[in-house]
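Engineer: Please find one structure pasted underneath; my questions will follow.
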Amino acid sequence: MDTQTEHLYRANAPITSIEAAESIDVTHLEKIVLDVIKYYTREAASACYDGCISDDVRKRCKNEHGIDSYSSVTARFASLERKGLIEYTGDKQPGLSGRKQRVMIATNV
(Lines give C-alpha, C1' and ligand atoms only; values in the text may rest on other atoms or scores of the structure.)
Protein backbone atom coordinates (compact mmCIF):
# COMPACT_ATOMS: atom_id res chain seq x y z
CA MET A 1 0.00 0.00 0.00
CA ASP A 2 3.03 2.28 -0.22
CA THR A 3 2.50 5.75 -1.63
CA GLN A 4 5.45 7.40 -3.33
CA THR A 5 6.48 10.62 -1.59
CA GLU A 6 6.57 12.56 -4.86
CA HIS A 7 2.79 12.03 -5.18
CA LEU A 8 2.26 14.07 -2.03
CA TYR A 9 3.26 17.48 -3.37
CA ARG A 10 3.10 19.56 -6.55
CA ALA A 11 5.97 19.56 -9.02
CA ASN A 12 6.62 23.23 -8.27
CA ALA A 13 6.07 22.93 -4.50
CA PRO A 14 8.25 24.95 -2.15
CA ILE A 15 10.91 23.05 -0.22
CA THR A 16 8.89 23.37 3.00
CA SER A 17 6.03 21.42 1.42
CA ILE A 18 8.40 18.76 0.17
CA GLU A 19 10.05 18.43 3.58
CA ALA A 20 6.64 18.20 5.27
CA ALA A 21 5.50 15.48 2.87
CA GLU A 22 8.67 13.48 3.44
CA SER A 23 8.35 13.76 7.23
CA ILE A 24 5.06 11.88 7.58
CA ASP A 25 4.41 8.15 7.48
CA VAL A 26 1.82 8.14 4.72
CA THR A 27 1.51 4.36 4.63
CA HIS A 28 0.62 4.31 8.33
CA LEU A 29 -1.99 7.06 7.88
CA GLU A 30 -3.49 5.28 4.86
CA LYS A 31 -3.80 2.06 6.87
CA ILE A 32 -5.59 3.85 9.72
CA VAL A 33 -7.98 5.65 7.36
CA LEU A 34 -8.65 2.46 5.39
CA ASP A 35 -9.32 0.51 8.60
CA VAL A 36 -11.84 3.15 9.68
CA ILE A 37 -13.61 3.02 6.31
CA LYS A 38 -13.63 -0.80 6.53
CA TYR A 39 -15.21 -0.54 9.98
CA TYR A 40 -18.04 1.62 8.61
CA THR A 41 -18.43 -0.66 5.59
CA ARG A 42 -18.87 -3.70 7.87
CA GLU A 43 -21.16 -1.79 10.24
CA ALA A 44 -23.31 -0.39 7.45
CA ALA A 45 -26.23 -2.64 8.38
CA SER A 46 -26.67 -0.70 11.63
CA ALA A 47 -26.09 2.74 10.10
CA CYS A 48 -28.59 5.06 8.47
CA TYR A 49 -26.70 4.70 5.18
CA ASP A 50 -24.20 2.27 3.70
CA GLY A 51 -20.59 3.37 4.19
CA CYS A 52 -19.30 6.60 5.67
CA ILE A 53 -18.58 10.23 4.93
CA SER A 54 -15.46 12.27 5.59
CA ASP A 55 -16.83 13.56 8.92
CA ASP A 56 -17.34 9.97 10.14
CA VAL A 57 -13.76 9.03 9.28
CA ARG A 58 -12.29 12.19 10.79
CA LYS A 59 -14.22 11.73 14.05
CA ARG A 60 -13.14 8.11 14.47
CA CYS A 61 -9.51 8.92 13.56
CA LYS A 62 -9.50 11.64 16.22
CA ASN A 63 -11.25 9.62 18.94
CA GLU A 64 -9.43 6.32 18.44
CA HIS A 65 -6.06 7.32 17.00
CA GLY A 66 -5.54 10.91 18.13
CA ILE A 67 -5.29 12.16 14.55
CA ASP A 68 -6.89 15.59 14.60
CA SER A 69 -5.50 17.07 11.39
CA TYR A 70 -8.15 17.53 8.70
CA SER A 71 -5.68 17.19 5.84
CA SER A 72 -3.85 14.20 7.34
CA VAL A 73 -7.10 12.23 7.06
CA THR A 74 -8.84 13.64 4.00
CA ALA A 75 -5.73 13.60 1.81
CA ARG A 76 -5.69 9.79 2.11
CA PHE A 77 -9.04 9.35 0.34
CA ALA A 78 -7.66 10.10 -3.14
CA SER A 79 -4.73 7.72 -2.86
CA LEU A 80 -6.91 4.94 -1.43
CA GLU A 81 -9.36 5.42 -4.29
CA ARG A 82 -6.55 5.39 -6.89
CA LYS A 83 -5.34 2.10 -5.43
CA GLY A 84 -8.85 0.64 -5.68
CA LEU A 85 -9.15 0.17 -1.90
CA ILE A 86 -12.15 2.46 -1.49
CA GLU A 87 -14.88 3.68 -3.80
CA TYR A 88 -17.60 6.28 -3.70
CA THR A 89 -21.13 4.89 -3.82
CA GLY A 90 -22.68 7.86 -5.62
CA ASP A 91 -24.75 8.71 -2.55
CA LYS A 92 -24.27 11.85 -0.47
CA GLN A 93 -25.10 12.57 3.16
CA PRO A 94 -25.06 15.84 5.08
CA GLY A 95 -21.95 16.45 7.15
CA LEU A 96 -21.60 18.51 10.32
CA SER A 97 -21.54 21.71 8.26
CA GLY A 98 -24.88 20.81 6.66
CA ARG A 99 -23.20 20.41 3.27
CA LYS A 100 -23.40 17.05 1.57
CA GLN A 101 -20.39 14.73 1.52
CA ARG A 102 -19.82 11.71 -0.69
CA VAL A 103 -20.42 8.28 0.85
CA MET A 104 -17.48 5.88 0.55
CA ILE A 105 -16.97 2.19 1.22
CA ALA A 106 -13.98 -0.14 1.38
CA THR A 107 -13.82 -2.44 -1.63
CA ASN A 108 -12.23 -5.50 -0.03
CA VAL A 109 -13.96 -6.13 3.29
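The values are calculated or read from the model by the stated rules, or taken from the named source; none is laboratory data. Here the structure is a predicted model, which is why all the values come from computation and not from measurement. These accessible areas exclude ligands, DNA and RNA; they are computed on the full protein's heavy atoms, side chains included. Shrake-Rupley method; radii C 1.70, N 1.55, O 1.52, S 1.80 Å.
Engineer: Would you grab the residues whose amide H sits under 5 Å from the one on D91? Only those 5+ places off in sequence or on another chain, please, with H modelled 1.01 Å from N.
Structural biologist: Here the answer is V103, since their amide H atoms fall under 5 Å of that of D91.
Engineer: Also: Hey, any idea what % of the stretch 15-100's accessible area is carbon plus sulfur with a 1.4 Å probe?
Structural biologist: Carbon and sulfur atoms account for 47 percent of the accessible area of the stretch 15-100.
Engineer: Solvent-accessible area per residue for the stretch 21-109 at a 1.4 Å probe radius, Å²?
Structural biologist: 59 Å²
Engineer: Under 19 Å between alpha carbons, and skipping anything fewer than 8 positions from K62 in its own chain: which lysines qualify?
Structural biologist: Qualifying lysines at Cα under 19 Å: K31, K38.
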